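Down below is the structure, laid out as structure tokens.
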Amino acid sequence: MTKFIILIICSVLGGVIGGMGMGGGTLTIPLLTIFCALTQHQAQALNLVAFIPMAAVTLIIHTKNHLVEYKKALPLAVPALITSVLCSFAALKTKSGVLALCYGIFLTALGVFQLATVIINCVRKKKRAQQVSPRRTPGIIIAAIRIIKPKISFKEIKK
């Protein structure tokens, strides 16, 4: 019974992430291998079975919200489908430990990439906020000029 409850919790967490469009397997597969003692092959197979209804419901919702562009999705879907068929056969011939190691490396690389992207975007945003427009005089300069020449007006500063 406890294993069933843990399986439900893992599925709910994967569903939350999957519903956001981030790939529920990213979280579900490690949870299933760690907490439910499934092999990597079993976790991936169970995740794929759970993925089908999640993907269908999510696709319907995103289509209703006009977020799906089928003309752009088709060139993406066809090579992905072919690759997934070929890689599923390769995964069947790969030992579970090697498969888990490859998945762990993939998740680590993905995490590093995501973290680097967030840091780079924050730095860029901060630099943009610090840049001063050439048409505007910074407030500190205006304050300094007022201290030196208290009777100067804004019109004279802007000239």
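Annotations for the structure displayed:
- Net charge dipole size for region 1-127 [Lys, Arg +1 and Asp, Glu -1 on Cβ; Debye, nearest 20]: 460 debye
- Ordering of 3-14, 61-72 by packing [mean C-beta count within 10 Å, highest first]: 3-14, 61-72
Values in this text are rule-based calculations from the coordinates and carry no lab data. Just so it is clear, the structure is predicted and the values come from calculations on it, not from any experiment. As a convention, Cβ positions derive from the backbone with ideal geometry for all residues, glycine included, and neighbour counts pool all protein chains shown.
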